[in-house]
Amino acid sequence: MAGFTAKSIGMAGSIIGLAAIAAWLGLAHSCDPQTGEAVIAGRVVIAPDLANQVRSTDVLFVIVRRPGGTPRPVAAKRIERPAFPVAFEITNADVMVQGSELRGMVDVIARLDRDGQAGPAQPGDIEGRYAKNPTLPGGRDLEITLDKVH
């Protein structure tokens, strides 16, 4: 019995240590302290060499997906006529399936969409990803640079 207890304590200590390292690296987030709601917030910028390709008819989508999962978004925010840099905030109000929540590991992607239609990237769309994907909801300082032209 004593061996089992020592083993359990050792495993618990390892888990706590990993959580501390993740928090220190900025990888571990939680809910918004004021509201208790899951939130993903930050800003989208465009690479300087692509800034001249922004059109007034473009739509910016900030998309939250499960890493390695289906391409269907967990949540998304649509921003018409973006003027860069663009601040964004995604909450449970932005989830695609009613009753689901922002939780667990997610990838955060931004796409400047030429035709304004949600869906897969099309030729000419400009995309970027959060550099620390996958991440957890709770981050308020994510920065995504649009730097890839499809």
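Throughout, read-outs are computed from the coordinates displayed, never taken from laboratory work. Keep in mind that this is a model prediction, so the values were computed, not measured. A quick note on method: Cβ atoms are made from the backbone with ideal geometry, for glycine too, and the neighbour counts reach across all protein chains shown.
Comparing Pro137, Val86, Ala51 along the charge dipole axis of the stretch 31-150, the residue lying farthest to the positive side is Pro137, per the Cβ-charge model. For a modelled paramagnetic label at Arg78, 7 Å from Cα along Cα-to-Cβ, the residues of the stretch 88-124 in reach, with backbone nitrogen under 18 Å, are 88-98, 109-122. Which shape class applies to the stretch 31-149: rounded if a/c is under 1.5, otherwise prolate when a/b exceeds b/c and oblate if not, where a ≥ b ≥ c are the square roots of the Cα gyration tensor eigenvalues? Prolate shape, in that a/c is at least 1.5 and a/b is the bigger ratio.
The loop-placed trypsin sites (Lys or Arg not before Pro) in the stretch 46-138, going by DSSP, that have at most 15 neighbouring Cβ atoms within 10 Å of their Cβ come out as Arg55, Arg103, Lys132. Taking other C-beta atoms within 10 Å as the exposure proxy, Leu112, Leu142 rank Leu142, Leu112 from fewest upward.
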